[in-house]
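In what follows, a structure is listed as structure tokens, so that the remarks can point back to it.
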């Protein structure tokens, strides 16, 4: 090909420009429609649906036949601040808080050298009195034998009346000496008993079977009966009979008609929220509190438990009937309005973060206004209450504030 032919080869730019312009004009609306569609899809898909939520809880069946609720405290009906009847310094304490003691057990000892010495003296005096009594008895026996001999000799007129009278007088004196010795023995026995009581007062003993609640004194402290002296203590320990624990609760006068002696109750302690204790009404105190317009009732525990302690706060549910063994266990329950029924299947919308998951469940019996849940969800889960028809598995939700 010649150079002349090559110079004739040219690209027509006007034709190319028109074609590119047309393609750009056709492409822009398509892109716009796609972008708008994506934005709309993202917006509508990401918009949260506002729903009401309810927590899955555990309830006790007894809540469905409770007549009345009352609150109060656990109180020991037998409680004592154990002290001494005499003044003295503590030399030993043999118990700590929480220790179990039996009636008569020694809790503490006071110094007792002085009263112990008096006891030893009284014991020695009693021994001397017994010796004097033996001497007097021997003297009386001799005088009695001599007197009877003179009595026979007087009948035979072998002794004078004067000798007989002397023998009789000696016998009477011996009898009187024996009586005096016997009285001395009794007096010294009493003195010994008094000394032993004084020694016993220095031993502080438990008045009944109990548990030590508090220790109020320690070795070296001075104990006085009234605690009136400076730096003196009145009580060494405070004890309580744990078998005498009752719940003392106040019931409004207007609700007293629901209460009767022996009525079954269920007791809940704030310290053990997960436990329920069987009880029954032990006493209705026959007086009202004018300031609170209430009457105190006392509820006893039917089952002993070492975790029940005096002064714990308690709530009492007065029941229509006693609870059975099965009813003592908590049940998982849900509000019926959260359940979706599809034929024979039941589901709920479980809320996980900001999405819902449709979860199949199986239900049990009706528990008041709740339905027992046997499987599918657990206590503490949150589910949608009164779910809308448009709600689907995986939808984004927002819990409405109440």
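The values are calculated or read from the model by the stated rules, or taken from the named source; none is laboratory data. Here the structure is a predicted model, which is why all the values come from computation and not from measurement. Note that we place each Cβ from the backbone using ideal geometry, even for glycine, and neighbour counts take in every protein chain shown.
Restricting attention to segment 305-328, which residues are in contact (Cβ under 8 Å) with a residue 40 or more places away in the chain, more than 12 Å from the chain's Cα centre (by Cα) and part of a loop (DSSP other than H, G, I, E, B)? Listed by number, the residues that qualify are 320, 321, 322, 323. Mind counting the residues in segment 144-203 that are over 30 Å from residue 113 (Cα atoms) and assigned to a loop (DSSP other than H, G, I, E, B)? Number satisfying all stated conditions: 5.
Within segment 261-274, being in contact with a strand residue (DSSP E or B) (Cβ under 9 Å, 6 or more places away or on another chain) and free of Cβ contacts under 8 Å to residues at least 24 places away in the same chain holds for 261, 262. Within segment 329-339, if we keep just the residues that are touching a strand residue (DSSP E or B) at 6+ places or on another chain (Cβ under 8 Å) and not in a strand (DSSP E or B), the residue that is surrounded by the most Cβ atoms within 10 Å (Cβ to Cβ) turns out to be 338.
Residues checked against (1) modelled with pLDDT of 90 or more; (2) assigned by TED's automatic domain parsing to the domain that holds residue 69; (3) under 11 Å from residue 276 (Cα atoms):
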position	(1), (2), (3)
309	yes, yes, no
315	yes, yes, yes
319	yes, yes, no
323	no, yes, yes
336	no, no, no
341	no, no, no
345	no, no, no
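Out of segment 381-396, which residues are out of contact with any helix residue (DSSP H, G or I) (no Cβ under 6 Å at 6 or more places or on another chain) and over 15 Å from residue 353 (Cβ atoms)? 387, 388, 389, 390, 391, 392, listed by residue number. The set of residues in segment 277-291 being touching a strand residue (DSSP E or B) at 6+ places or on another chain (Cβ under 9 Å) and more than 11 Å from residue 316 (Cβ to Cβ) consists of 278, 282, 283, 284, 285, 286, 287, 288, 289.
Taking the criterion of being touching a residue at least 40 places away in the same chain (Cβ under 8 Å), touching a strand residue (DSSP E or B) at 6+ places or on another chain (Cβ under 8 Å) and surrounded by fewer than 16 Cβ atoms within 10 Å (Cβ to Cβ), would at least one residue in segment 292-304 satisfy it?
yes
Residues considered: 129, 108. Of these, the only one that is touching a residue at least 12 places away in the same chain (Cβ under 8 Å), part of a strand (DSSP E or B) and crowded, with 16+ Cβ neighbours inside 10 Å is 108. Looking across segment 340-378 at every residue that is at positive phi and over 35 Å from the mean Cα position of the chain (by Cα), the one that is surrounded by the fewest Cβ atoms within 10 Å (Cβ to Cβ) is identified as 343.
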